Ligand SMILES: [Zn+2]
């Protein structure tokens, strides 16, 4: 008797839902053991809240790959068209259902994102435009994604 009962709060990978043991504040270097998504939460700050301006540089049509399901053998190709503190916009060949979580990887970042919108192309020669917000995010700062923080 007298043994305190530890509430078992489970934390899950935002993409494949595999439980992990890192709790709410997973360190940046750890991955989901199943799908290798980053577990660290995307920063919640906005430029107004933080008093800082964070800028990213994205060249037009930066290649990315994404996984809409797990398991999936290889990433579906897309191109990153916009990167901000809150999320990304990219183009791809196939529609993706809003409110689903997908895993994204590129030379700039690894992330799990939630699809916010998916706009159909205006003509068949063009691609879908997808907007998504970060759930977890690891920027590859040494690859040039991170330009400057102005205080
Ligand atoms: Zn996972």
Report summary line: Simple spin-label estimate for residue 24/residue 123, 7 Å along Cα→Cβ, in nm, reads 5.2
Query - Kirkwood-type radius of the stretch 97-143, with distances r between different C-alpha atoms, in Å - result: 11.8
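Read-outs throughout are calculated quantities, based only on the coordinates presented, and are distinct from any laboratory measurement. What you are looking at is a predicted structure, and each value in this text was computed from that prediction instead of being measured. Ideal geometry is used to build each Cβ from the backbone, glycine not excepted, and the neighbour counts take in all protein chains shown.
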